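A quick write-up on the structure given underneath.
The values are calculated or read from the model by the stated rules, or taken from the named source; none is laboratory data. Note that the structure is predicted; figures quoted are calculated from it, not measured. Cβ sites come from the backbone with ideal geometry, for glycine too, and all protein chains shown count toward neighbours.
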Amino acid sequence: MKICCFSDYVIKDYDRKRSLEIKHLIIAKGDICSIQTDSRQDANLFLKALATFVKPEKGLYFFSGRRVDFSSYKKLLPVKKKIGYMVSDSALLSNKSLRENLLLMRMYFENSQKLNIDKYTKMLCDTLNITNKLDLRCAEVDFMIQRSVIAIREIVKNPVLMLMECPEDFIGHNFFKEFVKICERQVNKNITAVFLSYNKDFINKFSNRQISISDGNVRIKE
């Protein structure tokens, strides 16, 4: 089953100084693709493209067999719901508690303000040691705790596609072993993922395909 399919796709970063071309690229269910590139900025731009955060200059993007419609943000929401995004520019809503940030997606799609954290989410919170901080606002906790909340928020979406930028930095050293165990459980669910990492052990453990980004071109490395 094809999860992502790009054809003659061209994207530019917000400042218009960086561009990537994806002539033809398919990511299938169960692919766990590590990105090989000399440019972290290029990798970040490619992850944005996968997450539908960058409108293409031209070309087609099919997600789970359907063409992605960039004509309005509302039309992108059903796709965004299916994508986990653990990348350097991921953020929380600063005027909400950590608990509310974890429940925000469910609140929107279930149209309810009265939701409780489920057992799986609580287990992840316990694992990353943030359970006793859930009623605090973002400004009241440090940066790495915010990152842990973002990671949990994206994992519990049960995404069709998980995107990660340097998880070894995103999670941090103290809980990286626990995060690797969480990733192992996700792999057992046959998740599809694309990630950039400079941790060779992490790459060797999870990657079964490689995506090369070089000279502005993105391709599967055979």
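Within the stretch 81-108, how many residues turn out to be basic (Lys, Arg) and out of contact with any Phe, Trp or Tyr (no Cβ under 9 Å at 6 or more places or on another chain)?
3
For PHE143, which of the numbered conditions (1) under 26 Å from PHE46 (Cα atoms); (2) touching a residue at least 12 places away in the same chain (Cβ under 8 Å) fails to hold?
Tallying (1) under 26 Å from PHE46 (Cα atoms); (2) touching a residue at least 12 places away in the same chain (Cβ under 8 Å), PHE143 fails exactly one: (2).
Can you name the residue in the stretch 137-154 that is modelled with pLDDT of 90 or more, touching a Lys or Arg at 6+ places or on another chain (Cβ under 9 Å) and within 28 Å of LEU77 (Cα to Cα) and, of all such residues, is surrounded by the most Cβ atoms within 10 Å (Cβ to Cβ)?
Residue satisfying both the conditions and the ranking: VAL149.
With the requirement that a residue be at pLDDT 95 or above and aromatic (Phe, Trp, Tyr), what does the stretch 1-52 give you?
PHE6, TYR9, PHE46
Got a sec? Which of PHE195, PHE202 is farther than 23 Å from SER64 by Cβ, modelled with pLDDT of 90 or more and under 17 Å from the mean Cα position of the chain (by Cα)?
Exactly one of PHE195, PHE202 is farther than 23 Å from SER64 by Cβ, modelled with pLDDT of 90 or more and under 17 Å from the mean Cα position of the chain (by Cα), namely PHE202.
Consider the stretch 157-174. How many of its residues are crowded, with 19+ Cβ neighbours inside 10 Å and either at pLDDT below 90 or of a type in the set (D, E, K, R) (or both)?
Qualifying residue count, the stretch 157-174: 3.
Going by the structure shown, is ASN132 closer than 30 Å to SER7 by Cβ, at pLDDT 90 or above, over 19 Å from the mean Cα position of the chain (by Cα) and surrounded by fewer than 21 Cβ atoms within 10 Å (Cβ to Cβ)?
Here the answer is no, as ASN132 does not meet what is asked.
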